[in-house]
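The values are calculated or read from the model by the stated rules, or taken from the named source; none is laboratory data. Remember, predicted model here, so these are calculated numbers, not experimental data. In this analysis, Cβ positions are derived from the backbone assuming ideal geometry, glycine residues included, and neighbour counts consider all displayed protein chains. Side chains are part of the model used for accessible areas, which takes the heavy atoms of the whole protein and leaves out ligands, DNA and RNA. Shrake-Rupley method; radii C 1.70, N 1.55, O 1.52, S 1.80 Å.
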Amino acid sequence: MNLAAATSFKSLLGSSSRRVVSLTAYAFIAPLFIMLFAFVFFPVFFSFYISFYHYDPFYHNIYFIGLTNYLSVLRNPSFIFSILNVLYYTFVVVTIQTFLAFFLALLFNNKLPASRTTRALVFLPAISSPVAFSIIFIWVFSPQGLVNSFILPYINIFGLPANENWLLSTTYAFPAIMAMNIFSTAPYFMVIYIAGLQAIPSQILEAAALDGVKSSWHKFRYIYFPMLRFTTTLVVILGLIGCIQLFDQVFVITDGGPAHATYVPLMFIYNRAFIYDIFGQSAAASFILFAVIMLLTLTQRRFFKEMTWA
Amino acid sequence: MGMTVSDQSSGQLTRLLKTISSSFRREEGNVPTVYRMGRLKSSLLQAAMVVLAIIYFIPFYWMILKSFRLSIFAGFPVDLNPFSRTSISNFISNFNYVWGFGNFPIWYLNSIFVSAVVVVSSVFIGALAGYAFARLDFPGRNILFYAVLATLMIPFPVITISEYVFMVKLGWINTYQGLMLPQIASAVNVYLMRQYFLTIPSEIEDAAKIDGLRPGQIFFRISAPLAKPAFAASAIFTFISSWNNFIWPLFEIQTTGMYTLPLALNFFKGANGTQIYWNDMMLATTISLIPTFIIYVIFERFFIQGISLTGTKG
C-alpha cells in the first residue's frame, strides 16, 4: 500500500469514520441550505413561475398568460430605457471606480506614519448606509451645497455651469449619482486591491528591479497589472453586479426623476409590483435583468473556476 | 497541542512545507516597497493621503457640524468653520426634536434588534458551512459550494418579489421574523469563513483526529476558537449590511412603528415636503451612523482582514 495514502486521513480513519465525516458535514451545511432553499432557491423558482402568470397576490387574481409578461416588459419603452440607462451607468462607474480603487491602493499600500488613519477615513463611505450617505449627498449637490460653493468656484476642470441645481437637472442628475457612487465604493475596492498587492511576493519586485523594471509605469505594466488580474476581475464583477442593481441611492435622491433621467431597472421592478400590483411583470423584468448580469459576468468563466478552486 | 511530525509521510511533509512557505510569503508580501523611499517621496505620498482623507471626510464633517447648528438651511457659501454658530445647546435642541419625531427610539431599537439576531444566526450558520466546505470531505462538496457562490449573482429582485409574496401568504408582512429571516443566508459569510479555515494548518486538526476527536468536536473545540478573526470579520460585515439594508425593509414594512433606521431616515427626509430641515436631518443621519462608526473604529483591523480574505485566492 502506498505510504502517503496510508497515512492520509481518509484511510487512517475507517470507512465508518468517513461516514461520520460526511454526516457531520451534512449536518454543518444543513442550516445554511435550509435557509438558502427557503429564501433563495425556492423564491427564484417561484419568481420564474409567476413570471408566466398574471399574478396579483391580494385579489387571488392569478392565471397563466405564457410569455405575455416578458413581451410586455420588453415592449415597454421605459424598461428598455432603464436597462440602457443602467448599462451606461455601470460602464462609467465600474471603469472609473476600478482605476480609482487601484490608484488609491497603490497610494495607501505604502506603510507610512499617516497611512493607517487616513486610510480609515477614506474607507468611511464604504461602511455608511447608502441611505444616510445619499442624504448627505443631496446636500453636496444642492444649489447651496458643497459642489456649488466650494468646488466649482475654485476648480472647474470640465467647464461645468455655476450654481446649477444638479439633482433637478435632466443632464446632471445621473452623473451626480455616478460621481457619488464612484466616490463611495472605490475605497471598498481599494481594500481588495491592497490585499492583492500584498499577495505579490517581494522577490518578484526585486527580480524585476534587477532586470531594469524601475519606473512606476513599467512596474504597473509588467508586475502589478498581470499579477492583479484575478483581483481586477473580482473588482469588475462585484462592481457590475452592484451597479446593475442600483436602487437605494436613486430611490432616496431622485426617485427616478427628473423626467426619468435616473430611472433604473430596479425602480421599474419596484413600481410594477408595489404601485401597479403586476407581480408577474415585475418577476419577468427581474429575470431579464438576471440574464443581463449572466451575460456580462459568465464571460469570465475562468474566474469562477479559480474562485471555487481557491 | 502536540504535533506528531516524527512519523510524517512524505505527502504530509510537503504539505507542511507548503504551509510554512506560504505563510512566509505572506509575511514578505507585507513589506510595502522593496526600494528605500526618499524623505521627499514619503512626505509627498503622506500629503496625498491627508488630502484624500480630508476630501473623504468633508461630507461627514459637515453632517456633524450641521447637527450642532440651528438653521434649517444648507447655507451659501457653505460654512465649514467649526466655531461658527455651533453649540452644545443647539445639538440638544435638535436632538430633542429628532428623538421626539415619530418613533425614533423605536426605530433605533428595531434596527438594533433585527441586526443583532441576523448577525448571530448568519455568522453561526456561515461558520458551520464554511468549515464543512473547507475541511470536511463529503460527496457533492464542490457542486454545493458552487451553488452557494452562484447565489451571489442572483439579482436582488428575483428573490425579493417571491419573498414578498411568501410573506403575504404567511401573514408575515410587517413582522420581525419577516424582516429578519431573508437576511440570514449569506454566501459572503460562508466564503469568508471557508477562506479562513483553509489558512489554518490542517496539521493541527490532524493531530486532534489522531487524539480521537470527532469532526464536530474538532470544529467546536479547536478550529472555531482559532478562527476568531474570521468570526469578527463576518459579524461586522453582516452587521453593516443588515443595519444598512434598505430595499427589503422597504418591501416588508408597512407601518412606521416597524421602521428600521434607513426607512426612518428616508421618511424623515420627506417629512417637510421638498424642504429638508438640514439641521435635524443631519442630526438624524449622524445618530444613525454612530453604531457603525463605533464598531468600525474598534474593529477596523478585522474589516480590512475580512475584505482581504474574500478578495484573494486561497
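The label point for residue B:175 and the one for residue B:72, both projected 7 Å from the Cα toward the Cβ, are 4.0 nm apart.
A simple spin-label model places pseudo-atoms 7 Å from Cα toward Cβ; at residue A:30 and residue B:228 they are separated by 3.1 nm. Sort region A:72-309 into rounded, prolate or oblate with this rule: let a ≥ b ≥ c be the square roots of the eigenvalues of the Cα gyration tensor; rounded if a/c is under 1.5, and if a/c is not under 1.5, prolate when a/b is larger than b/c, oblate otherwise. Cα axes put region A:72-309 in the oblate bin. If you take the Cα centroid of region A:250-269 and the Cα centroid of region A:109-152, the two points sit 23 Å apart. Length gained on full extension, residue A:255 to residue A:96, computed as 0.36 nm times the residue gap minus the Cα-Cα distance: 54.8 nm.
Each part reduced to its alpha carbon centroid, region B:77-92 and region A:33-94 end up 48 Å apart. With a ≥ b ≥ c the root eigenvalues of the C-alpha gyration tensor of chain B, is it rounded (a/c under 1.5), prolate (a/b larger than b/c) or oblate? Taking the square roots of the gyration eigenvalues as a ≥ b ≥ c, chain B is oblate.
Residues in region B:216-254 near a label at residue B:204, defined as backbone nitrogen under 17 Å from the 7 Å Cα→Cβ point? Once the point is set 7 Å along Cα→Cβ of residue B:204, B:216-234 turn out to lie under 17 Å by backbone N, inside region B:216-254. Taken about its Cα centre, the protein assembly as shown carries a charge dipole of about 1420 debye when Lys and Arg each add +1 at the Cβ and Asp and Glu each add -1 at the Cβ. Placing unit charges on each Cβ (+1 for Lys and Arg, -1 for Asp and Glu) gives chain B a dipole about its Cα centre, and among B:248, B:224, B:170 the Cα reaching farthest toward its positive end belongs to B:224. Based on the Cβ-Cβ distance of residue A:158 and residue B:47, what FRET efficiency does E = 1/(1 + (r/R0)^6) give at R0 = 25 Å, to the nearest 0.05? That pair, residue A:158 with residue B:47, gives E of 0.50. Label positions at residue A:116 and residue B:112, each projected 7 Å from the Cα along the C-beta direction, are separated by 3.0 nm. With a Förster radius of 60 Å applied to the C-beta separation of residue A:62 and residue A:208, the computed FRET efficiency comes to 0.40.
In sequence order, region B:203-219 has phi-based couplings of 4, 4, 6, 4, 4, 5, 5, 4, 6, x, 6, 7, x, x, 5, 4, 4 Hz under the Karplus curve 6.51 cos²θ - 1.76 cosθ + 1.60, θ = phi - 60°, and Gly or Pro positions carry x. Pairs exceeding a 26 Å alpha-carbon distance, out of B:169/B:269; A:111/A:214; A:219/B:228; A:111/B:66: B:169/B:269; A:219/B:228; A:111/B:66.
Straight-line reach only, C-alpha to C-alpha below 20 angstrom: list the aspartates and glutamates that residue B:41 could link to, leaving out same-chain residues fewer than 8 apart. Within the straight-line cut-off, residue B:41 pairs with A:206. With N counted as the residues of the protein assembly as shown, its alpha-carbon radius of gyration over 2.2 N^0.38 Å works out to 1.03.
3J(HN,Hα) couplings calculated from phi for region B:276-289 with the Karplus curve 6.51 cos²θ - 1.76 cosθ + 1.60 (θ = phi - 60°) are, in sequence order, 8, 7, 5, 5, 5, 4, 6, 5, 4, 4, 4, 5, 6, 8 Hz; Gly and Pro show x.
Ordered by solvent-accessible area of protein heavy atoms (1.4 Å probe), largest first, the residues A:190, A:294 come out as A:294, A:190.
Near residue A:213, once Lys and Arg are set to +1 and Asp and Glu to -1 for all other residues with Cβ below 11 Å from its Cβ, the sum equals +1.
Near the amide H of residue A:55, within less than 5 Å, lie the amide hydrogens of A:279, A:280, A:281, all on another chain or at least 5 residues away, with H placed in the peptide plane.
What does the average come to when, for each residue of peptide A:135-148, you count the partner chain Cβ atoms lying within 10 Å of its Cβ?
Mean number of neighbouring Cβ atoms from other chains: 6.
Put simply, the amide H of residue A:260, placed in the peptide plane, has no neighbours under 5 Å, leaving out anything fewer than 5 places away on its chain. Taking a ≥ b ≥ c as the square roots of the Cα gyration tensor eigenvalues, with a/c under 1.5 meaning rounded and otherwise prolate when a/b beats b/c, else oblate, which class fits region B:110-164? Cα axes put region B:110-164 in the oblate bin. Residues in region A:240-251 carry Karplus couplings, in order, of 4, 4, x, 5, 5, 9, 3, 8, 3, 4, 5, 4 Hz; the curve used is 6.51 cos²θ - 1.76 cosθ + 1.60 with θ = phi - 60°, and Gly or Pro positions show x.
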